[in-house]
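A quick write-up on the structure given underneath.
The values are calculated or read from the model by the stated rules, or taken from the named source; none is laboratory data. Worth saying up front: this structure is predicted, and the values here are computed from it rather than measured. Cβ placement follows ideal geometry from the backbone for every residue including glycine, while neighbour counts extend to all protein chains displayed. Surface areas here come from the heavy atoms of the whole protein model, side chains and all, with no ligands, DNA or RNA. Shrake-Rupley method; radii C 1.70, N 1.55, O 1.52, S 1.80 Å.
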Amino acid sequence: MSEQLAHLDDRFWNRLLKAIEEGQVVPVIGSQLLTWNDQDKIQTLQQLVATRVLKFYNVDTASVALTPHHELHEVVTLLKPTVNLQDLYGDIADALDAITKDPAFKMPDSIKKLAAISSFKLLVTLTPDNLLAKSLRKRCAVNEIVHSPSLPTSEAGDLAGDWLKKPGEVNVLYLFGKAQSTPVFAIHDEDTLEYAHNLLSRGSNVPLRFLGELQQRGLLFIGSNFQDWLSRFLLRLTNQTRLADKKTRAWLVEDDSIHPELALFLNGFSRETEVISELSPQAFINELHARWLVRNTPAEVRPSGSSPQPAPDPHSIAFFISYSRATDLPAAEQLYQTLRELGLAEGEIWFDRTAIEPGGEFQQLIYDGIRSCRYFLPLISAAADRFDEKFFYREWKAAIDRSKGIVGREFVVPIILDEEYNPQGYVGVPKEWSDTIDFGYAPGGIADARTRQHLTKLIRELRRGEK
């Protein structure tokens, strides 16, 4: 049904989350997510970029009223008669770069929370900034695919044929280009129309494999803020058949009430499309992220009232990942995915995803896991090293105590998460590790070739010992 949902109940969220966890939903994010409150004033990224560009050309910004989420189109329309249009692409890219790299810039919470949902392997952004990819890289490798008719062929790309075999990597499609100093991204409505025509006509640099995957999955449009005609077009483009025969689901989460004409059209011709306007895009992602965490967090550390699940069996653990949950969760997630990719089952890896200090009963399970695991992997970072008291230090102490009784094989396998590889540069890292062990290297959680090779060797030794 396409009419507004009367109530987003548990059944709705459970159905959506199950489809997401099965890889059957792709989020498509728009400009409404690039919004935040600054001293009780709502700011949009487009507004900041547009204002900066106006200042480049000495235009009094107070004299220009801009429509939220349409600021770039309106500024380009205003400047186009007197400014070289080609120059505006570079100006907008420069403004976007300066704003997002400013130390005072804060990543919108909605982008961070969406990126933290590791069930998403395919994502689409309708904006030219790199904020989504930047947030995703905090937990995994990212393959960026840019659709732009004007992009040099050597820079064009598409979804890899074996993308499903790369669990530690996500794929992001920039549907309307990515910001550069040249005209390879959409900055006004006529650009958007041209990009849409290029997709429809299968013109230059169209990522056909990615589009094919979109046509077979449900699409979660969040804050796209598109005009009526473009919303209809994108829904049709990403569907294998005409909308009246639509087999896949779609959801439109918009900040304002949907255009009446579009609602009427969807109700009559695309009944598998649900319009969600009870929640803002930000509130929708907050709820989605919170519910996803409940479903993907070990039962022992869930809030009271969550559905119980069995505790991990400490005696089945082969690799125990020890890290600062307060600072290094995204990197630890990435390393966990690497171990899964190398052949370890979920039950063979101890990986606690919560930042909450464990209670007494769960602490005992942790110590049992350390006493029985084959390999102990402490993850090292400068951020964690700043703490003088955290539970992971107790895990390290328990591992040191056990290692005193192990002779003739590896047990502790420290891995550095920082960009700088300096095993001697950490105050909290035990000297018996930094003086005697060859540390692994996985900046941001992405293991380098030497570390992957070493982990593969350890897994092979583990398997030989099982025979």
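Structure notes:
- Positive minus negative residues near Pro167 (Lys, Arg vs Asp, Glu; Cβ under 10 Å): +2
- For the chain, the alpha carbon convex hull comes to 177 Å³ per residue, rounded to a whole number.
- Counting protein heavy atoms only, the chain has 50 percent of its accessible area on carbon and sulfur, 1.4 angstrom probe.
- Relative contact order (%) - criterion: Cα under 8 Å, at least six apart; region: the chain: 15
- Summed over the residues of the chain and divided among them, the accessible surface reaches 47 Å² per residue at a probe radius of 1.4 Å.
- The base-10 log of I(q)/I(0) for segment 95-177, evaluated at q = 0.12 Å⁻¹, reads -0.38 [Debye formula, identical scatterers on Cα atoms, solvent excluded].
- Using equal-weight Cα scatterers in the Debye expression, the normalised intensity of segment 1-123 in log10 at q = 0.10, 0.13, 0.16, 0.22 Å⁻¹ is -0.47, -0.71, -0.91, -1.28.
- By the equivalent-ellipsoid construction on the alpha carbon gyration tensor, segment 361-467 comes out with semi-axes of 21, 19, 13 Å, ordered largest to smallest.
- The tail of the calculated P(r) for segment 402-447, taken as Cα-Cα distances beyond 11 Å, holds 69 percent of the pairs.
- Of the whole protein surface, Arg291 contributes about 60 Å² of accessible area at a 1.4 Å probe radius.
- Between segment 191-227 and segment 119-177, the alpha-carbon center distance in angstrom: 13
- Report note on the peptides 147-160, 174-187, 69-82: ranked by the mean count of other C-beta atoms within 10 Å, highest first, their order is 174-187, 69-82, 147-160.
- Largest to smallest accessible area among Tyr393, Tyr421 [probe 1.4 Å]: Tyr421, Tyr393
- If only the Cβ of Lys and Arg carry +1 and only the Cβ of Asp and Glu carry -1, the dipole of the chain around its Cα centre is close to 1600 debye.
- C-alpha center-to-center spacing [segment 94-111, segment 374-421] in angstrom: 34
- Mean residue ellipticity, 222 nm, helices only, the chain: the sum of -39500 (n - 2.57) across DSSP H runs of n ≥ 4, divided by residue count and rounded to 500, is -12000 deg cm²/dmol.
- Segment 172-242: projected area of the alpha-carbon convex hull, averaged over directions, in nm²: 5.3
- In segment 71-137, the inverse of the mean reciprocal separation of distinct Cα atoms equals 14.0 Å; this is its Kirkwood hydrodynamic radius.
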